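Take a look at the structure below.
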C-alpha cells in the first residue's frame with residue numbers, strides 16, 4: 001500500500017513528495033503529501049492492462065483511506081490496523 005502511494009506521487013504528481021508515518025492508538029497512519037491537486041482514482045483495469053489496480057488494492061487492504069486538500073496539492077492517507 002505504501003509503495004502504491006509513493007509510486008502514484010512519482011508517476012502522476014511529478015513533484016516533490018513527503019511521506020509521514022503517524023502512530024495512532026490502534027492504527028499506523030501513512031500520509032503522502034505532493035503538489036498535484038488531482039485526486040487518485042480507483043480505476044477498473046482491463047485484464048490485459050499492466051497498471052491501474054493500485055488504488056483498488058489500497059481500498060481493499062487499508063482499514064481506511066482518504067484524501068485531504070493541502071494546497072498546492074493534497075495528502076493521500078491510509079490507516080493500517082495494529083495487531
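The values are calculated or read from the model by the stated rules, or taken from the named source; none is laboratory data. Predicted model only: the values in this text are computed from it and were never measured. With ideal geometry, Cβ positions are generated from the backbone for all residues, glycine too; neighbour counts draw on all protein chains shown.
What the table below lists for this structure:
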{"quantity": "Residue tally, condition modelled with pLDDT of 95 or more and within 16 Å of residue 13 (Cα to Cα), over the range 50-69", "calculated": "3"}
{"quantity": "Those residues of the range 16-46 which are under 10 Å from residue 80 (Cα atoms) and touching a helix residue (DSSP H, G or I) at 6+ places or on another chain (Cβ under 9 Å), in sequence order", "calculated": "30"}
{"quantity": "Residue pairs meeting the criteria (Cβ under 6 Å; at least 6 apart or on separate chains; first without any contact (Cβ under 8 Å) to a residue 12 or more places away in the chain, in the range 48-65; second part of a loop (DSSP other than H, G, I, E, B))", "calculated": "52/43; 52/45; 53/45"}
{"quantity": "Complete set of residues in the range 47-76 that are touching a strand residue (DSSP E or B) at 6+ places or on another chain (Cβ under 7 Å), surrounded by fewer than 16 Cβ atoms within 10 Å (Cβ to Cβ) and not in a strand (DSSP E or B)", "calculated": "59, 63"}
{"quantity": "Single condition residue 15 does not satisfy, out of (1) in contact with a strand residue (DSSP E or B) (Cβ under 8 Å, 6 or more places away or on another chain); (2) in a loop (DSSP other than H, G, I, E, B); (3) free of Cβ contacts under 8 Å to residues at least 40 places away in the same chain", "calculated": "(3)"}
{"quantity": "Conditions (1) out of contact with any strand residue (DSSP E or B) (no Cβ under 7 Å at 6 or more places or on another chain); (2) assigned to a loop (DSSP other than H, G, I, E, B): number failed by residue 37", "calculated": "(1)"}
{"quantity": "Residue 32 surrounded by 13 or more Cβ atoms within 10 Å (Cβ to Cβ) and assigned to a strand (DSSP E or B)", "calculated": "yes"}
